[in-house]
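We did not get these values from a lab; they are worked out from the coordinates using the rules stated. Quick caveat, the model's predicted, so the values are computed rather than measured. Glycine gets a Cβ as well: all are built from the backbone with ideal geometry, and neighbour counts include every protein chain shown.
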Amino acid sequence: MTTDRIVDLTREVSSDDFRGAMRHLVGAVSVVTAGRGDDITGMTVTSVSSLSVDPPTLIISVSRASSTWPLLRRYGHFGVNILNADQLDIAERFAGKGGLKGAERFAGAQWTTRPPGAPLLIGALAAIDCEVEDVIERHSHVIVIGGVCGLKLSGRSSALAYWQGQYVAIDLDEDMVRLAKVSVPSTGIATHTPAITPLPRSAAMTALAERER
Ligand SMILES: Cc1cc2nc3c(=O)[nH]c(=O)nc-3n(C[C@H](O)[C@H](O)[C@H](O)COP(=O)(O)O)c2cc1C
């Protein structure tokens with residue numbers, strides 16, 4: 001049995017209540033990169049969203065305190081690399097695991113660049129080259145609007161997501177049957193076994209994500 005907890009909306013919503021609500025959002029995990037040459041860094045995000053298809057434009061929300069924001073603002077370009085389920089280690093590096101900073105986070109994976117753009121991850125589900133179109137600084141974060149200059153797709157079908165404070169894998173082939181049950185709800189709400197596989201995570205990473213968001 002589940003116990004619902006009603007949050008009183010007449011008072012100010014606490015950070016904890018808000019975080020609790022946001023844990024229910026399933027987020028695709030991407031790495032945003034910025035900079036050129038050795039002056040590069042990047043961060044793990046779930047805040048990528050399509051803004052418009054014509055012209056191809058997306059938005060990201062990045063912390064003003066992150067090391068990525070200054071480079072993104074200085075160079076005016078960024079990369080959005082949508083991770084597949086095998087790239088958990090990359091997600092952790094770019095979330096700052098082990099205290100890795102800047103160019104150190106890029107080690108162990110292959111990157112390419114389309115000058116004057118930021119590094120793009122070879123093997124990402126999609127690697128999207130963006131030019132900063134506009135920024136909206138609000139509270140602790142900056143909403144960055146990026147015009148898409150180019151992209152590269154891979155043939156993989158597994159995605160890395162973040163949900164309820166942990167990384168999960170979604171695989172189109174393995175989860176095909178269960179996904180079909182979810183996506184074709186002919187009568188009412190489908191009851192199903194979740195078609196996602198929790199991935200091992202470090203408690204530190206979860207704590208970091210919750211603290212930073
Ligand atoms: C799954 C996940 C999603 C995250 N999403 C965002 C995000 O959308 N925006 C953001 O500012 N930080 C997000 N973070 C936190 C950043 O990855 C983290 O603060 C950043 O890498 C720290 O970088 P820095 O050491 O360069 O400042 C997320 C972390 C995780 C683990």
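Could you work out how much longer the chain between E104 and D54 gets when fully extended? Use 0.36 nm per residue separation minus the Cα distance between them, nm to one decimal.
Full extension from E104 to D54 adds 14.4 nm.
With a 10 Å radius around each residue's Cβ, average the other Cβ atoms per peptide and rank 20-31, 71-82, 126-137, 49-60, highest first.
71-82, 126-137, 20-31, 49-60
If you average the sequence gap of Cα pairs under 8 Å that are 6 or more apart and divide by the length of region 1-106, what percent do you get for the contact order?
The value is 29 percent.
Pulled fully out, how much extra length does the chain show between D173 and L25, if you take 0.36 nm times their separation in residues and subtract their Cα-Cα distance?
Stretched out fully, the D173 to L25 stretch lengthens by 51.0 nm.
If you filter region 83-120 for trypsin sites (Lys or Arg not before Pro), then keep DSSP loop positions with at most 11 other Cβ within 10 Å, what is left?
Numbers: sites: R93, K97, K101, R105; in loops: K101.
Sparse-neighbourhood loop trypsin sites (Lys or Arg not before Pro): K101.
If I model a spin label as a point 7 Å beyond the Cα along the Cα-Cβ vector, how far apart are those points for D4 and V135 in nm?
4.2
Spin-label point model (7 Å from Cα, Cβ direction): what's the D16 to I122 distance in nm?
Using points 7 Å along Cα→Cβ, the separation is 4.8 nm.
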